[in-house]
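See below for the structure under consideration.
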Amino acid sequence: MGSTSPSPPGLPDASSPTLILMHPTPAERQRTWSLTHPKWGGALEHDDYLAREQHLTETPLTKDGGITHWILTDSSLPPDQRPILSSCESLRKRAVASSPSDATKLQDGIAHGICSVFTDPQFRGRGYASRMMRDLGGRLKEWQGESLFSVLYSDIGKAFYARHGWAPFESAHLAFPPSRDAKTSGGGDSSLRLLKSPDEVVELCAADEKLLRRTIIQRTTSQKGKRRCVALLPDERTLRWHLMREDFMTEHIFGRTTEIRGAVYGSEEGKRLWAVWARGYYGGLQNTEGNALHILRFVVEDESLDESYLVQGAREIIEVAQREAAEWKSEDVQMWNPTDKVRELIDRSELEYEFVDRDSESITSLMWYGEEETADLDWVANEKYAWC
């Protein structure tokens, strides 16, 4: 689809004082979505893509001000007649940070996830995206309350956003091939339970948050406060956003929604392993490149349990994911930034996988609003659930 933005005869310089970061009108928001459809909406027709974007403003995470739309524009022109020089969105999320001075205390707050950074092709090469990001970084520090940090996931490498204050962090994943021969249930004496509804997924969120908080305190203590730990919380609103996005996509692509959202191994709380996943589509059915089953969160509640038990649990969970990837036309199963323990379990399971160290796409990046240097932070649970 071609550009629908007005093209004034004289565009302002990126340093012009007339440029301002604003919130778009409903019509400008629709225009922005139309512009981004060719880049991110290949699996959906244009109108369906616009419907999805609207749908994603109405989730528990995004409604009531949870999502903010931003445009860089010329303040000298009236709304709906001004150019959209660059645009993006931010999602307000719950976050936590440790205290270097007292490892037993955690600071709760908010963080903002920046997404959909886009510049109309006719306005590129003029520095507008840089101007928008410079203005946005400082704006988000106090947007909707004082923020701990902001994150984004760069698809243009590490350098651009790093120049504007978002330091790149570890961005790697394990890629497992789809397999129709993999198991769909434990069978026999297996302790595997499939998660078959969003409600079953979110039932795990409270236990997950408790575990993550404990992990942060332990890591801060082990480092004797030398590094501050930070994390986005894998809460119910965040997980539902992913699942609602997935449901919209599968309903429009396949005419049905998925039945299996993850798997839990073990029944006793404190001794379980689990994974929650969601499918993402960029290529649709004709071209599976870019389609992936993403493990949003992989949890081992107690890493000190019998090693054979943990290996068996990890293997059975991943095998279910591989089967689901094959059925739902996914190119692979991706597990972002697994912990050393999880990587060890996967290696011992003898499952086939490829280690992918991303250097150009989905580069996890963070801007810290405290006194420390961002690159000195320890980003805990830097997994796919935090993506937006």
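Dimensions of region 178-289 based on its C-alpha atoms, expressed as ranges along the principal axes with the largest first, amount to 52, 37, 25 Å.
Each Cα pair under 8 Å and six or more residues apart adds its separation to the average, and for region 44-190 the resulting relative contact order is 16 percent.
Taking the 1.4 Å solvent-accessible surface of region 291-357 as the whole, the part contributed by carbon and sulfur is 37%.
The calculated Kirkwood hydrodynamic radius for region 95-165 is 14.1 Å, given to one decimal from all distinct C-alpha pairs. Cross-link partners among aspartates and glutamates for Lys39, C-alpha distance below 20 Å, same-chain residues fewer than 8 apart left out? Within reach: Glu28, Asp47, Asp48, Glu53, Glu89, Asp120, Asp155, Glu246, Glu289, Glu331, Asp359, Glu361. Summary of the geometry: region 340-376 and region 248-277, compared by the centres of their Cα atoms, lie 22 Å apart. The distance linking region 119-185 with region 104-118 is 13 Å (Cα centroid to Cα centroid, whole angstrom). The Cα-based radius of gyration and maximum Cα-Cα distance (Dmax) for region 232-388 are 16.4, 50 Å.
Potential lengthening of the chain between Asp13 and Arg180 amounts to 54.6 nm, from the contour at 0.36 nm per residue minus the alpha-carbon distance. At q = 0.10, 0.13 Å⁻¹ the log10 of I(q)/I(0) for the chain amounts to -0.67, -1.12, computed by Debye summation with a single uniform scatterer per C-alpha, solvent ignored. Here region 85-128 is treated as a Stokes sphere of Kirkwood radius computed over C-alpha pairs; at 25 °C and 0.890 mPa s its diffusion coefficient rounds to 185 µm²/s.
What's the FRET efficiency of Glu371 with Gln218 using the Cβ-Cβ distance as r and R₀ = 22 Å, to the nearest 0.05?
0.40
A Förster distance of 22 Å, applied to the separation of the beta-carbon atoms of Gln144 and Glu58, puts the FRET efficiency at 0.75.
Dipole size in debye (nearest 20) for the chain around its Cα centre, Lys and Arg Cβ +1, Asp and Glu Cβ -1?
The dipole magnitude comes to about 940 debye.
Across all directions, the average flat footprint of the convex hull enclosing the Cα atoms of region 121-202 is 10.8 nm².
With R₀ set to 35 Å, the beta-carbon distance separating Val356 from Lys210 gives a calculated FRET efficiency near 0.70.
Under 5 Å from the amide H of Leu296 lie the amide H atoms of Val276, Trp277, Ala278, each residue being 5 or more positions distant or on a separate chain, with H modelled from the backbone and absent for Pro and chain starts. Using just its DSSP H runs of length 4 or more, each adding -39500 (n - 2.57), the chain gives a mean residue ellipticity at 222 nm of -9500 deg cm²/dmol after division by all residues.
Bridgeable lysines around Lys196 (alpha carbons under 22 Å apart, same-chain partners fewer than 8 residues away excluded): Lys183, Lys271, Lys329, Lys384. With all protein chains kept in place, the per residue accessible area of the chain amounts to 43 square angstrom at a probe of 1.4 angstrom.
Eigenvalues of the alpha-carbon gyration tensor of region 322-369, scaled by 5 and square-rooted, set the equivalent ellipsoid semi-axes at 24, 17, 10 angstrom, largest first. Scattering from region 1-97 was approximated by placing one identical point on each alpha carbon and applying the Debye formula without solvent; log10 I(q)/I(0) at 0.14, 0.15, 0.23 1/Å stands at -0.60, -0.68, -1.22.
The values are calculated or read from the model by the stated rules, or taken from the named source; none is laboratory data. Because the structure is a prediction, the values reported are computed rather than measured. Using ideal geometry, Cβ is built from the backbone for each residue, glycine included, and neighbour counts are taken over all protein chains shown. We work out accessible area using only protein heavy atoms, side chains counted, and drop any ligands, DNA or RNA first. Shrake-Rupley method; radii C 1.70, N 1.55, O 1.52, S 1.80 Å.
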